[in-house]
Amino acid sequence: MLVSITCAGPNSSDLGFLLHKHPDRVRSVDVGGGRAHVFYPEAAEGRTTAVLLVEVDPIRLSRLARGRKSAATLEPYVNDRPYVASSMLSVAIGKLYGTALSGTCDTKPELVDRPLDLEISVPVVGAPQGGELIARVFEPLGWEVDSTVLPLDAAFASWGDSRFASLELRGSKTVKDALAHLYVLLPVLDGRKHYWIGEAEVDKLLRHGGDWLAAHPERELISRRYLRFGSLARDALARLAEGAVDSDERDEGNDAGENALERPISLNEQRLDAVMDAVVRAGGGSVVDLGCGEGRLLKRLIAEPSVTDVLGVDVSLRALDQAESRLRLDELSERRRERVSLVQGALTYADARLHGRDVATVVEVVEHLDAERLDVFARVVFGEAAPQTVVVTTPNREYNVHFERLPPGRFRHGDHRFEWTRAEFNEWVLAVCSEYRYTATFAPIGNDDVETGPPTQMAVLRKAAS
Ligand code: SAH
């Protein structure tokens with residue numbers, strides 16, 4: 001995939017200063033799943049073109065991808081990812097044009113806010129809605145848009161159109177705005193992310209979209225498609241509406257802009273958001289929270305209208321006591337109190353009280369069970385209680401390298417018996433699915449680092465129709 005930016009006119013060499021890349025040299029860096037290069041196919045008087053090319057390594061990319069194990073097919077290796085402008089291109093823009101994107105140019109600061117006559121060309125972009133969306137997102141920003149939906153195969157016209165288009169943009173824009181538009185909108189058109197979306201993504205969207213996105217007629221669609229996660233999109237829109245980012249702050253550079261944003265929501269909150277989202281998507285109903293601990297999730301569950309009743313189960317009486325006071329059961333109305341109960345129980349023993357529920361949640365609990373008891377746990381939950389939906393979250397061990405104070409090889413909590421990598425979690429979940437006839441989808445929670453994945457991993461298992 002590539003994007004080329006051409007500056008025409010007498011000042012065309014300003015492009016090289018702004019991009020901080022010397023026209024005679026090729027610069028290359030690693031981006032997760034590939035390598036990105038910047039080079040100048042032309043740097044003549046009156047016309048300068050910089051190309052950012054991302055070479056995708058499908059094998060590396062497929063190792064990073066998760067949640068869709070289609071081992072029987074070649075799809076993980078043979079797909080459109082190497083060609084379509086996607087979030088990988090945005091990552092490359094951030095890495096190779098980061099200084100220009102943040103509006104910094106030490107050698108010629110006066111250039112930063114000067115519009116240049118730019119022509120941008122991206123040979124393959126996503127073309128949702130038959131390509132209509134392309135003009136709808138770029139035109140309101142003042143770009144002249146020329147896009148052509150590409151045929152599926154030029155040799156077989158009867159096969160019809162592909163889901164992709166070529167894109168040319170023309171306009172008089174500052175380089176920093178042009179890059180910010182591409183950074184946010186190319187993944188929006190692609191509609192897929194090569195890594196999941198966490199709180200850091202909201203900040204990136206606001207940082208790069210802050211001043212133009214708030215006024216964009218398609219801001220809802222852009223936030224939704226960029227973030228692809230209901231509650232985060234709502235968060236971003238709310239912050240845009242509050243004007244949380246203003247351009248004065250942004251111009252001081254990334255850090256100041258970032259500090260000016262609200263403190264990002266904690267991982268724990270994100271986990272609760274993601275689990276509640278899954279419960280609501282499953283249709284709510286009767287929910288049991290297995291290993292409910294101090295009842296943080298229970299509190300959310302009883303406030304959710306689609307949830308009819310809630311059972312909290314934990315082996316620890318102390319935790320149940322804390323849950324009881326957190327929920328202020330004695331202060332709840334009769335009607336609400338009837339909807340919630342707390343019982344002591346161990347998840348590694350058959351327990352008829354768990355039967356007949358629509359949804360079970362198991363949040364940060366499996367890693368507290370002895371590995372040799374996991375089979376019994378699976379039988380109790382998936383074989384016997386057998387709710388329609390089970391939501392499981394657990395730490396992703398690969399992420400631990402980001403915790404500076406955690407010595408290598410140690411777990412995050414003294415009571416954790418193990419912590420799984422993404423592959424290990426996948427393997428356990430898929431084994432449960434095949435034994436108890438469930439199907440699973442996976443989702444990361446928190447900042448989904450390109451190399452290590454997210455801090456928390458989630459699987460939503462649904463009982464297969466019999
Ligand atoms: N789900 C809660 C608590 C996670 S901590 C939250 O996300 O905040 C793990 C909890 O699992 C603890 O409260 C612990 O008491 C409980 N637990 C550990 N082993 C258990 C077992 N065998 N049966 C039931 N609960 C167990």
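Worth a mention:
- Residues of segment 293-311 that turn out to be among the charged types (D, E, K, R) and more than 9 Å from the ligand (Cβ to nearest atom), as a count: 4
- Any hit, segment 312-334, residues being within 33 Å of the chain's Cα centre (by Cα), under 22 Å from Ala278 (Cβ atoms), more than 13 Å from the ligand (Cβ to nearest atom) and of a type in the set (Gly, Ala, Ser): no
- Elements of type strands (runs of 3 or more DSSP E) contained in segment 299-368, each with 1 or more residues being open to solvent by 80 Å² or more (accessible area, probe 1.4 Å) and of a type outside the set (Val, Ile, Thr): 340-344
- Annotation: Arg379 fulfils all but one of (1) within 14 Å of the ligand (Cβ to nearest atom); (2) crowded, with 19+ Cβ neighbours inside 10 Å; the unmet one is (2).
- For segment 253-275, filtered to residues that are within 16 Å of the ligand (Cβ to nearest atom), in a helix (DSSP H, G or I) and aliphatic (A, V, I, L, M), the residue that is modelled with the lowest pLDDT is Leu267.
- Qualifying residue in segment 347-358 (condition: in the same structural domain as Thr421 (by TED's automatic domain parsing), within 13 Å of the ligand (Cβ to nearest atom), at pLDDT below 95 and of a type in the set (Gly, Ala, Ser)): yes
- Test for Glu364: is it free of Cβ contacts under 8 Å to residues at least 12 places away in the same chain, within 26 Å of Thr456 (Cβ to Cβ) and within 14 Å of the ligand (Cβ to nearest atom): no
- The requirement of being open to solvent by 30 Å² or more (accessible area, probe 1.4 Å) and small (Gly, Ala, Ser) is fulfilled somewhere in segment 383-391, by at least one residue.
- Selection from segment 118-152 of residues that are assigned to a helix (DSSP H, G or I) and of a type outside the set (Val, Ile, Thr): Gln129, Gly130, Gly131, Glu132, Leu133, Ala135, Arg136, Phe138, Glu139, Pro140, Leu141
- Flag for Glu168 being assigned by TED's automatic domain parsing to the domain that holds Gly9, in a strand (DSSP E or B) and farther than 19 Å from Arg81 by Cβ: yes
- For segment 439-466, filtering for residues that are open to solvent by 10 Å² or more (accessible area, probe 1.4 Å) and more than 18 Å from the chain's Cα centre (by Cα) leaves 7.
- Subset of segment 1-28 (residues that are out of contact with any Asp or Glu (no Cβ under 7 Å at 6 or more places or on another chain), hydrophobic (A, V, I, L, M, F, W, C) and open to solvent by 30 Å² or more (accessible area, probe 1.4 Å)): Leu2, Phe17, Val26
- Pairs linking a residue in segment 37-59 that is closer than 21 Å to Leu96 by Cα and of a type in the set (Val, Ile, Thr) to a residue that is open to solvent by 10 Å² or more (accessible area, probe 1.4 Å) and assigned to a loop (DSSP other than H, G, I, E, B), with Cβ atoms under 6 Å and 6 or more positions apart or on different chains, are Val38/Lys21; Thr48/Ser13; Val54/Met1; Val56/Arg81; Val56/Pro82.
- Filtering segment 382-424 to residues that are within 16 Å of the ligand (Cβ to nearest atom) and in a helix (DSSP H, G or I) leaves Phe382, Glu384, Ala385.
- Flag for Ser147 being of a type in the set (Ser, Thr, Tyr) and touching a Phe, Trp or Tyr at 6+ places or on another chain (Cβ under 9 Å): yes
- Answer residue from segment 276-298, given it is in a loop (DSSP other than H, G, I, E, B) and not small (Gly, Ala, Ser) and is nearest to Ala386 (Cα to Cα) among those: Cys292
The values are calculated or read from the model by the stated rules, or taken from the named source; none is laboratory data. The model shown is predicted, which means the values in this text are computed figures rather than measured ones. Cβ sites come from the backbone with ideal geometry, for glycine too, and all protein chains shown count toward neighbours. The area values use the complete protein model at the heavy-atom level, side chains included, leaving out ligands, DNA and RNA. Shrake-Rupley method; radii C 1.70, N 1.55, O 1.52, S 1.80 Å.
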